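Following: one structure in C-alpha cells, then a few remarks.
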Amino acid sequence: MENFVIEATKHTPLVSGNCGTGEILISGRSIPENATSFYRPFLVWIDEYKHNPSPKTQLTFYLDYLNSISQKVVYDIIESLYDVTNKNELIVFWKYDEDDEEILDEGKVFQSRFDLDFRLIPVTA
C-alpha cells in the first residue's frame, strides 16, 4: 500500500496518510467546490488502510475553516477509521488556533459523537 498525499490549495487542505506510521493529517482550509469528489480518493485510501492498519493510528485535524459539506466528510473519515479501534489504537488530535472558538466548537461536536481518545489541542500563534 502506498502513502497518500493531496497538496493544499487556497480552497482545499493538505491531506496525507502514512500507512507505515499510521499518521494521518488534514490541515488547512476545507472549502472545495465539491467536497465529496475532493475527498473520495482519500476515503478509498482509508478503506484500503483499514485492512492492514498500523498498531496505532493518529488522525490529526488542523483546519482553519470547513464548510458544511466538509463537516460531513470529516465525520465520515472519523467514523470510517473508528472501525480500526476494534484491534488497534486510534487517537484523534483536533488542533485549533487558541482564539478560534468556531473550530474549537466543531471539535467538541465531533468529540461528543465518538467514544474514543479525542484530544482538543489549542495552538498558540
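The values are calculated or read from the model by the stated rules, or taken from the named source; none is laboratory data. A quick note: this is a predicted structure, and the numbers were derived from the prediction, not measured. In this analysis, Cβ positions are derived from the backbone assuming ideal geometry, glycine residues included, and neighbour counts consider all displayed protein chains.
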Return the pair list, or none, for Cβ contacts closer than 6 Å from residues in region 66-82 that are part of a helix (DSSP H, G or I) to residues that are modelled with pLDDT of 95 or more and among the polar types (S, T, N, Q), at least 6 apart or on different chains.
Ser70/Ser30
Has region 92-107 got any residue that is more than 20 Å from Phe4 (Cβ to Cβ), modelled with pLDDT under 95 and in a helix (DSSP H, G or I)?
no
Is there any pair with a first residue in region 36-53 that is under 17 Å from Leu66 (Cα atoms) and a second that is assigned to a loop (DSSP other than H, G, I, E, B) whose Cβ atoms are under 7 Å apart and which are 6 or more apart or on different chains, and what are they?
Phe38/Thr12; Phe38/Pro32
Please work out which residue is farthest from Ile91 (Cα to Cα), limiting yourself to region 108-125 and to residues that are in a helix (DSSP H, G or I) and touching a strand residue (DSSP E or B) at 6+ places or on another chain (Cβ under 8 Å).
Lys108
When region 80-106 is examined, which residues are found to be surrounded by fewer than 14 Cβ atoms within 10 Å (Cβ to Cβ) and within 23 Å of Pro122 (Cα to Cα)?
Glu98, Asp99, Glu101, Glu102, Asp105
If you take the residues of region 18-39 that are outside any helix (DSSP H, G or I) and hydroxyl-bearing (Ser, Thr, Tyr), which of them is surrounded by the most Cβ atoms within 10 Å (Cβ to Cβ)?
Ser30
Which pairs have Cβ atoms under 7 Å, sit 6 or more apart or on different chains, and link a residue in region 95-111 that is over 12 Å from Leu66 (Cβ atoms) to one that is assigned to a loop (DSSP other than H, G, I, E, B)?
Asp97/Ala125; Glu98/Thr124
Would it be correct to say that Glu98 is at negative phi and over 15 Å from the mean Cα position of the chain (by Cα)?
yes
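Could you say whether any residue in region 40-53 is within 30 Å of Ala125 (Cβ to Cβ), in contact with a strand residue (DSSP E or B) (Cβ under 6 Å, 6 or more places away or on another chain) and in a loop (DSSP other than H, G, I, E, B)?
Within region 40-53, not a single residue is within 30 Å of Ala125 (Cβ to Cβ), in contact with a strand residue (DSSP E or B) (Cβ under 6 Å, 6 or more places away or on another chain) and in a loop (DSSP other than H, G, I, E, B).
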Over region 54-65, the set of residues without any contact (Cβ under 8 Å) to a residue 60 or more places away in the chain and either surrounded by 21 or more Cβ atoms within 10 Å (Cβ to Cβ) or not basic (Lys, Arg) (or both) is Ser54, Pro55, Thr57, Gln58, Leu59, Thr60, Phe61, Leu63, Asp64, Tyr65
